Structure formats: structure tokens, C-alpha cells
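Structure in C-alpha cells, see below.
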Amino acid sequence: MVTPFIIRIRGFEPRTYSGKKTINKKKVRDELLNELRASGILYKYSDGSKEQVSLRIKFFLFKDLKQSKRYEKDIDNLLKIVLDSISIYINQADNIRGVGLIRNDLDVWKVQAEKELVYDARDEGFELEIKKYRRAPK
């Protein structure tokens with residue numbers, strides 16, 4: 001069962017889905033686990049049940065004029081890393097665990113995502129809200 005919460009990661013460069021995808025997923029997973037522990041947010045690995053969730057995520061990208069790759073990132077590539085990292089497995093074939101907040105990204109029914117430029121590397125990171133998906137009444 002998904003308990004709604006918001007988690008904020010700062011001082012961390014958001015990763016993208018690139019040639020180092022497993023390494024990047026592990027870095028995001030580890031940042032999430034550290035923040036969950038530090039903030040005292042209680043969570044458990046998904047019990048494997050199919051639960052529809054809604055995500056709101058905001059990526060804070062550091063506008064370093066010397067490194068345009070630091071802020072010129074495709075939102076779909078940013079999302080893929082986070083979605084895989086919050087799942088039970090980052091890579092099930094290699095038995096690499098994720099955070100386990102959701103079973104996998106099949107359970108995500110709604111995503112609201114945005115990017116915002118920041119001008120201090122300490123503000124770089126992302127904010128993630130996970131809650132149970134509820135369809136709007138007709």
C-alpha cells in the first residue's frame with residue numbers, strides 16, 4: 001500500500017537514462033534511500049500487489065554555463081531513471097534492487113513532471129510526490 005509522501009533531494013545532479021543507466025539508477029536509488037532514512041519517512045518495499053499510483057516530480061537543474069549537459073536534459077530520460085529507481089528492481093534480470101516504493105512503472109497511472117533551472121549547485125536535485133491514483137469523477 002502506498003502511503004502518500006513528498007521527498008526532496010538537494011545537492012544531487014539528476015541523472016538521465018544514458019549509457020551508464022544501471023550506475024545512474026543506483027545513484028538515484030541510494031540518494032532516495034539516504035533521504036528516506038534521514039527524514040524518518042517510514043516505508044516498506046512494495047508487497048508486489050498492483051496498486052495504481054500518481055507521481056508528481058520536479059527536477060531542479062543547475063544552470064552551469066560551462067557545462068550545458070548539466071541542465072540540458074530530456075525530461076523523459078530523467079523520468080525513466082527515477083521510475084526504475086523507485087521500483088522493486090532496477091534490473092530484475094541481474095537481481096539489482098530498487099527502493100521498492102512501487103512494484104514497477106506499470107503501476108504508474110499519472111505523472112506530472114517539470115524542470116526548473118537553479119543557479120546554485122546546492123539547490124540541484126528533485127522533488128518527488130507519490131500517492132495513490134484516484135481517477136477524477138466524471
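The values are calculated or read from the model by the stated rules, or taken from the named source; none is laboratory data. Not measured: the values here are computed from a predicted model. Here the Cβ is made from the backbone with ideal geometry for all residues, glycine too, and neighbour counts use every protein chain on show.
Taking the conditions exactly as written (surrounded by 16 or more Cβ atoms within 10 Å (Cβ to Cβ), under 14 Å from Gln52 (Cα atoms) and either touching a Lys or Arg at 6+ places or on another chain (Cβ under 9 Å) or among the charged types (D, E, K, R) (or both)), does Ile88 satisfy them or not?
no
Would you tally the residues in the stretch 64-99 being of a type in the set (Ser, Thr, Tyr), out of contact with any Phe, Trp or Tyr (no Cβ under 8 Å at 6 or more places or on another chain) and outside any helix (DSSP H, G or I)?
Residues flagged as of a type in the set (Ser, Thr, Tyr), out of contact with any Phe, Trp or Tyr (no Cβ under 8 Å at 6 or more places or on another chain) and outside any helix (DSSP H, G or I) within the stretch 64-99 amount to 2.
Counting only residues that are touching a residue at least 60 places away in the same chain (Cβ under 8 Å), touching a Lys or Arg at 6+ places or on another chain (Cβ under 7 Å) and under 15 Å from Ile86 (Cβ atoms), which one in the stretch 15-39 is surrounded by the most Cβ atoms within 10 Å (Cβ to Cβ)?
Arg15
Out of Leu55, Leu83, which single residue is closer than 21 Å to Ile23 by Cα, out of contact with any Gly (no Cβ under 8 Å at 6 or more places or on another chain) and in contact (Cβ under 8 Å) with a residue 12 or more places away in the chain?
Criteria check complete, one pass: Leu83.
When the residues of the stretch 117-136 are filtered to those that are more than 18 Å from Lys27 (Cα to Cα) and assigned to a loop (DSSP other than H, G, I, E, B), which remaining residue is modelled with the lowest pLDDT?
This residue is Ala136.
From the residues in the stretch 1-53 that are modelled with pLDDT under 80 and under 24 Å from Lys73 (Cβ atoms), which one is nearest to the chain's Cα centre (by Cα)?
Residue satisfying both the conditions and the ranking: Tyr17.
Next question. Being of a type in the set (A, V, I, L, M, F, W, C) and more than 15 Å from Phe126 (Cα to Cα) is the filter here; which residues of the stretch 63-104 pass it?
Hits for the stretch 63-104 are Leu65, Ile88, Ile90, Ala93, Ile96, Val99, Leu101, Ile102.
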